[in-house]
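Remarks on the structure that follows.
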Amino acid sequence: MASESRRARIVIIELSESDTTSISELIREISPQGTSSTYIIREVAQMGDTYNVSGQAGNVGPDGHVEGNTFQQQSDSSKATFDLPTLATQLQALRSAMKQEAQTAEHDMAIGSVAQAEITASSGDKPKTMAHLKSAGEWALKIARTIGVEVAALAIAHSLTS
């Protein structure tokens, strides 16, 4: 028992706005003899795939291929919100407390990083402030938590995880 097979013929016709050709006549000319259904689409707003990529991507879309790429994941510390004037004030208090506790050269380096972070926070430079706080390290975080400077402790903790 033979089954009827239906075939579809798709023809895309692009006409400029100034063209006066009748689409219906054009379709009749190219249509095969016999019965046919005709659908006229006046406008296509978008044709094809859309890819929205946020962040790193080695390849997007079908049939893509990449080799030998190296990706470095980075957290965007700029997304965290800190009140920089408050942070600068708390970093000043933290720096004073750290000076009283310092016993090693590493502690002195951490104090220097907190001092740099205090200066950049005062000038409103958040990325540099976060970089300096990361250099201040775990000891600065421990002292910040001990003396209760919460904004500073949060900023240091965030910098260490990014």
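Each reported figure results from applying straightforward, stated rules to the coordinates on display, with no laboratory input. What you see is a predicted model; the values in this text were computed from it and never measured. Reconstructed Cβ throughout: ideal geometry from the backbone, glycine too, with neighbour counts over all protein chains shown.
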Legend entry - Phi to ³J(HN,Hα) by Karplus 6.51 cos²θ - 1.76 cosθ + 1.60 over region 82-90, Hz, x for Gly, Pro: 9, 7, 4, x, 5, 4, 4, 4, 5
Inset, instruction - Within 10 Å, count the other beta carbons around each residue, average over each peptide in 120-128, 59-67, 83-91, 132-140, and list them highest first. - result: 132-140, 83-91, 120-128, 59-67
Inset, instruction - Mind giving me the nanometre distance, one decimal, between the label points for GLU138 and SER22, set 7 Å out from Cα along Cα→Cβ? - result: 8.4 nm
Legend entry - Using θ = phi - 60° and Karplus 6.51 cos²θ - 1.76 cosθ + 1.60, couplings along region 125-141 (whole Hz; Gly, Pro as x): 9, 5, x, 5, 4, 5, 5, 5, 5, 4, 5, 5, x, 5, 5, 4, 5
